[in-house]
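Here is the structure we will look at, set down as structure tokens.
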Amino acid sequence: MCKLDDNVQSIAFRSDGRLLAVGSSKGDILIIDATTRMVLRTLEGHRASVKGLSFLPNKTHVVSTSDDKTVRLWEISSGTEIWSSSINKDFVRCCSVSNTFEDESFITGSYDHTLTLWSVKSPEPLLIMNHGSPVEAVCLFPDGKTAVSGGLCSIKFWDLSDNGRLIREVIVHHKSITGLSVTPDGKYLLSSSLDRSLKVLCLEDMTISHQFKFPSSVMCMSMSSDLKRVAAGLSNGKTIVLAFTTEQKGRVEGISPNPRNANVALAANESYVITKETTEPLKKFDLLLKSFRYRKALDFVIQKGNATLLVSAIGELIRRDALDMALSGRTEAELIPLVETICRHISNPRHSSFLLEAAFSLTDIYSSVLGKSKAFDGCIKDLRQALDYQICVQQMMMDLQGGLALVQAACQINHTRS
């Protein structure tokens, strides 16, 4: 452990693990020997917090981004600044390089909605892409030809070899994204968010293969180079490390694979009929839940049109902590029937508790898209009216309960006096 005089805002290890770069809130960057814990260099130049740090694959340069709206490239051996750029109009919060692609380029993300590709040779940008919202996290694929950006709830993929063309956009979180990381084989993308989750996205079919929930918002995330551990920093000050293990198959000793060597027991003259106990096959909804396809499970229940079945499904999703996952990433055509169903049955006391939970999750997830569709806005307006009516009914019931309590108290007093 190395104690510093200032608050740490960012950190990066070199690919060989020998050097550590630390960015402070004052703007200084410390280059630390990871073995001896000695400060080898202090890079001075930023005038505000250093929020992003990355070592380049050549191991001799480090790039930094800061709240002073600048991007700077540094020479580690001499501790000098090679160049700086101030083309961004807002905080530059993140940067990324590809450690497996020997190229002298890197990418940065800024709160001015831009995603910028740079070369170490010049402070002039190679490409500028517009994410459409403040960029909180960026990541380069191992081949260096594809970039990923995270801003608000959306994750966007960019083709750097095709002039920064937008490939696709996915939404798997319902609050702002805080971290992105691609596995070295380029098959999975890890994303963290303020919605208290860390998700593993399979890039072949764009489905969630794993999901982890934490007790508080995930502020940062990092993956080890051997893919065995992922560390998540939480807003409550705690750090949680997830260890990924693979099952190993081995041969069971002591059992002969040759049936001729097995001991054979002959049956007696009496005959006994042994019947195999059969189990009832799982229904389609249960099969979808068993395979963690929560969205399709909820879609299947909505198509049935049975309010009781829908409420039971929502309750099961809440129990599995998968309701947000089942509701996220839906189109307008998928959302409108769901909202209409909630509006129709939310007044039923048997259904209201679970439907209220679903309504709150929907408004939380899709608050950023309000105003873009008249049909969806109309459904949300109807939902709000239904909720307002339920609040009014609850207030009337509370008033009635208070009045009955007064009458009951008066009756008890009269009974005591008599």
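A few comments on the model shown:
- Segment His415-Arg320, length gained on full extension (0.36 nm per residue, minus Cα span): 29.1 nm
- Given their separation in residues at 0.36 nm each and the Cα-Cα distance between them, Asp299 and Glu357 gain 19.1 nm when the chain is fully extended.
- The convex hull of the Cα atoms of the stretch 284-413, projected and averaged over all directions, covers 9.6 nm².
- Annotation: Cα Rg of the stretch 1-78 relative to the compact-globule expectation 2.2 N^0.38 Å equals 0.98.
- Rounded to the nearest whole Hz, the Karplus-based 3J(HN,Hα) values (6.51 cos²θ - 1.76 cosθ + 1.60, θ = phi - 60°) of the stretch 408-417 follow the sequence 5, 5, 5, 5, 5, 5, 5, 5, 5, 5, with x at glycine and proline.
- Sequence-distant lysines (8 or more away, or on other chains) whose Cα lies within less than 17 Å of Lys89: Lys51, Lys69
- Inter-site label distance for Glu332 and Asp382 at 7 Å from Cα along Cβ, in nm: 1.5 nm
- Distance from the C-alpha centroid of the stretch 62-120 to that of the stretch 25-44: 18 Å, rounded to the whole angstrom.
- Normalised alpha carbon radius of gyration of the stretch 8-171 [divisor 2.2 N^0.38 Å]: 0.98
- Remark: the Ser368-Met396 segment gains 6.8 nm on full extension, using 0.36 nm per residue and subtracting the alpha carbon distance.
- The chain, relative contact order [Cα under 8 Å, separation at least 6], %: 6 percent
- A Förster radius of 51 Å combined with the Cβ-Cβ distance from Val407 to Lys213 puts the calculated FRET efficiency at roughly 0.60.
- Note on Lys89/Leu166: beta-carbon distance plugged into 1/(1 + (r/R0)^6) with R0 of 25 Å gives a FRET efficiency of 0.70.
- Principal-axis tilt of helix 332-345 within the chain, Cα atoms, nearest 10 degrees: 40 degrees
- Least to most buried among Phe212, Phe55 (fewest other Cβ within 10 Å first): Phe212, Phe55
- Measuring between alpha carbons in the structure, the pairs from Lys199/Lys372; Lys238/Lys284; Lys238/Lys283; Lys121/Lys199 lying more than 31 angstrom apart are Lys238/Lys284; Lys238/Lys283; Lys121/Lys199.
- With only Cα atoms counted, the chain has Rg and Dmax values of 28.9, 99 Å.
- Across the stretch 282-393, the mean sequence separation of Cα contacts (distance under 8 Å, 6 or more residues apart), normalised by length, yields a relative contact order of 24 percent.
FYI, it's all coordinate maths here, none of it is from the lab. Worth saying up front: this structure is predicted, and the values here are computed from it rather than measured. As a convention, Cβ positions derive from the backbone with ideal geometry for all residues, glycine included, and neighbour counts pool all protein chains shown.
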